[in-house]
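Undergrad: Shown below is the structure under consideration.
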Amino acid sequence: MRIFAMALISMFALAAPAFAACDLTPTIGAPAERREGQDVMITLAIANRGDTNCPGSIEAPPAASYMVDIFLSADRNAPPTWAVYNATWREDVLLRSGRVSRTHSVGPGVSARYGAPRYEIGPFTLPTGIPPGDYFLCAGVDLGNRVAESNERNNVACNPMRILPTLRIDPRQGPRPQRLPGGPG
């Protein structure tokens, strides 16, 4: 009886299909400081940590492929679905030109880097009206959940970014000369 049970268990283990899925994970590189309204160039890579191919929009229909959103956030959390563009600041705002919609399929254990030959893409324009302070420039892959993944919790990567105060020059006064340290005074 014991041999029969082991044979039966082995038969079911071989007959049961393993769940195979891809697992998209972004990596982003961005400047540490910018001002509102400035352009930003980034580095972007999408890795597949899963065991099947992750379809990109170049090779697969849009409804069954991933895209990447580049957004600015006060935290490291992604919006509940695709980020939305706005010319002025709001939480999780999609940067102007910040949707990477032409994506490559990524095989198991492979990464797709965007922006060859220097691997920089952009420029993406930051919104205006951002209060100076610390934020995160994030890449969110497949925020529309079009691709079945084994892990949906690793689809966002963020880089800290400090938003500097906007330089305001009064055109009536022009630039003011400043005394240099150690110079004549």
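A short reminder: the numbers here are calculations on the coordinates, not readings from a lab. Note that this is a predicted model, so its numbers are computed, not measured. Note that each Cβ is placed from the backbone with ideal geometry, even for glycine, and that neighbours are counted across all protein chains shown.
Undergrad: Under a point-charge model restricted to the Cβ atoms of Lys and Arg (+1) and Asp and Glu (-1), what is the dipole moment magnitude of segment 21-164 relative to its Cα centre, in debye to the nearest 20?
TA: Magnitude of the dipole: close to 280 debye.
Undergrad: Out of the DSSP beta bridges found with both residues in segment 73-172, what percent are antiparallel (nearest 5)?
TA: If I count the DSSP bridges inside segment 73-172, around 75 percent turn out antiparallel.
Undergrad: Okay, moving on. Arrange the following residues from fewest to most other Cβ atoms within 10 Å of their Cβ: D23, D69, D142, D39.
TA: Ascending Cβ contact count within 10 Å gives the list D39, D23, D142, D69.
Undergrad: A20 to S150: extension gain in nm, 0.36 nm per residue of separation minus the Cα-Cα distance?
TA: 46.0 nm
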